[in-house]
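Quick note: the coordinates plus some simple rules give every number you see, no bench work behind them. Because the structure is a prediction, the values reported are computed rather than measured. Ideal geometry is used to build each Cβ from the backbone, glycine not excepted, and the neighbour counts take in all protein chains shown.
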Amino acid sequence: MSLSTTLVSRFSLRSLVIAGFALSVLPSVLAVAFSFAALEEFARYSKRTAYRVAEISQKTQVLRERLLANERKVKQFLVLKEPALEEASWVTHRQVNQIISQLVTQTDDPGLHVQLQSLRNLSETLFREVNRLASLPGTGNASLAPEREAAAVKAAKPALNQLPDALFDKMNELGEEIGLTAAASIDRMVAELELEASDVQNGILLTTGILVPVSLLVIAVFIHLITHPVRQFDRAIRQLGIGNLQDTISVSGPSDLRYLGQRLEWLRDQLTTLEWAKQQFVRNVSHELKTPLANIHEGATLLADQIVGEINSEQRGIIEIMLSNTSRLEHLISELIHYGSASASREGVKFQRVDMRELVRAVVRDYELRLRAKSVSLVQRLSPVVMSGNRAQLRLVVDNLLSNAVKYVKDCGTIDILLAERDGYLHLEIRDDGPGVRPDERGLIFEPFYRSSSGRDAGVKGSGLGLAIVRECVASHQGKIDVSDAESGQSGAVFRVRMPIDPQV
């Protein structure tokens, strides 16, 4: 017994079904959980990326605006020398530095960090220069009249000309470069987001591609574990149905199914005992009846031959009825004996090499007179076939099938016999052009004492044991027999026998 069978045998069918359902669902649950976790992580990553992109884009735009405002306020302050303008320029300066610090925290681009640091240094340099220029004597005053204010601006132009305009140019140019670099950084983050989405998708597909086949494999394994004993039940019941009581019934699988298998084996034992008792009864009764019936037949024959005295015509008619019925009873008893012998234990059957073509020809010779009486044409297609078997039983097979065909064939009809060897099996076909066998009776005509409706309607005499004997003899040679209709457009039946050339004894 394999390890898997041993483990399964510890569970009931219900437990096995529940375990199979749980284990088959588990990979799907894991796949869903992994997909949910991956999507949730991707959602958080996407949210962070979107926030950073928005922040970088906004801060970059605001930085360029603050740089222009800073330039404007510084130049106004250097011209007018008003405290409010000075304070405004310092506020703008702090805003620029604050935006630079925020951009540094929002991006991890080293090139952008270098540019932001350079802009910070230029901003610090600018305001040191502004402080120096602000300390120079000038005439700008916000309280002066417009005429005097214009004169002050004109007077301060020499100082304003000293302002390092190159710093503003560098800062504005650097601001544009920062904008371009920030845009490139944003593109890179978007590309990373797309790559992350692709990775998540591939991860989900890979996980699904692994776990779904695992789930299907688990389902397939448990289907096999559950259906295998069911198939064993099916085979065992089929064997019992066709009368095969020799093979021991053993069902593997869950404990409750194994118990049912044991009960089925008990049923087989009971049927075997009953079958043996029936066969013993048939054999005993047949033998007990054979001797007194033979005495009756012999006595009736003596009376018919007038050995013990003359008889009149009425007495002769009665004696003929006695002889006819005793002959029928003797034939029936003979068939009962044959059936009991064929259905008995097959261990005692002796096999030998049998030339089947010669055996068929010998049987055919016994029927020549009956064939001529009905003007029946016999077509023989006999290939040389030698098989291992019991000669008496094989002769019964051919004899009973040919007898059945002769009974049902039409007058001036045809009987076709085919004998061949194919793939290690003997194939014997006997067809006639009689009324045939109804489809609903094809499985019944091989049962003991069953007579087909076509035989009853045609008044064909018989005991109903001939085909049952054929089935038992064929089964003892590990073969099969079936019946079907003749070819399309033709009447009659075709009996096909298939037996191994060398059956396992």
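Which entries in the list LYS350/LYS407; LYS350/LYS480; LYS59/LYS170; LYS59/LYS81 go over 23 Å, if you measure between the two C-alpha atoms of each?
Working: LYS350/LYS407 31 Å; LYS350/LYS480 20 Å; LYS59/LYS170 19 Å; LYS59/LYS81 30 Å.
Checking Cα-Cα distances, LYS350/LYS407; LYS59/LYS81 exceed 23 Å.
By how many nm would the segment from SER118 to GLN246 lengthen if fully extended, with 0.36 nm per residue of separation less the alpha-carbon distance?
36.1 nm is the gain from fully extending SER118 to GLN246.
Each label point is 7 Å from the Cα along the Cα-to-Cβ direction; what then is the distance between the points at GLU429 and THR49, in nm?
The modelled label-to-label distance comes out at 7.4 nm.
Just add up the charged neighbours of ALA392: K/R +1, D/E -1, any other residue whose Cβ is under 11 Å from the Cβ of ALA392. Don't jump to the answer; show the numbers that get you there.
Values: positive: LYS350, ARG391, ARG395; negative: ASP399.
Neighbour charge sum, excluding ALA392 itself: +2.
Report the calculated FRET efficiency for ASP305 and ASP485 (r = Cβ-Cβ distance, R0 = 51 Å), to the nearest 0.05.
Working from the Cβ atoms, E equals 0.55.
Count charges around ARG471 for me, please; just the other residues with Cβ under 11 Å from its Cβ, Lys/Arg as +1, Asp/Glu as -1.
Charge balance in the 11 Å sphere: -2.
Pulled fully out, how much extra length does the chain show between ARG94 and ALA33, if you take 0.36 nm times their separation in residues and subtract their Cα-Cα distance?
On the way: separation 61, 0.36 × 61 = 21.96 nm, distance 4.93 nm.
Here the answer is 17.0 nm.
Assuming a ≥ b ≥ c are the square roots of the Cα gyration tensor eigenvalues, decide whether segment 380-426 counts as rounded (a/c under 1.5), prolate (otherwise, with a/b larger than b/c) or oblate.
Numbers: a/c = 3.49, a/b = 1.60, b/c = 2.18.
Cα axes put segment 380-426 in the oblate bin.
Once both labels are modelled 7 Å past Cα along the beta-carbon direction, what's the ARG238-ALA69 spacing in nm?
9.1
How about segment 201-240: which trypsin sites (Lys or Arg not before Pro) there are in a DSSP loop, with at most 13 other Cβ atoms within 10 Å of their Cβ?
Sparse-neighbourhood loop trypsin sites (Lys or Arg not before Pro): none present.
May I ask you to order 90-103, 31-44 by the average number of other C-beta atoms within 10 Å around their residues, highest value first?
Highest to lowest by the protection proxy: 90-103, 31-44.
If the cut-off is a Cα-Cα distance under 14 Å, which aspartates and glutamates reach LYS374, setting aside same-chain residues fewer than 8 apart in sequence?
Result set, ordered by chain and number: ASP411, ASP432, ASP433.
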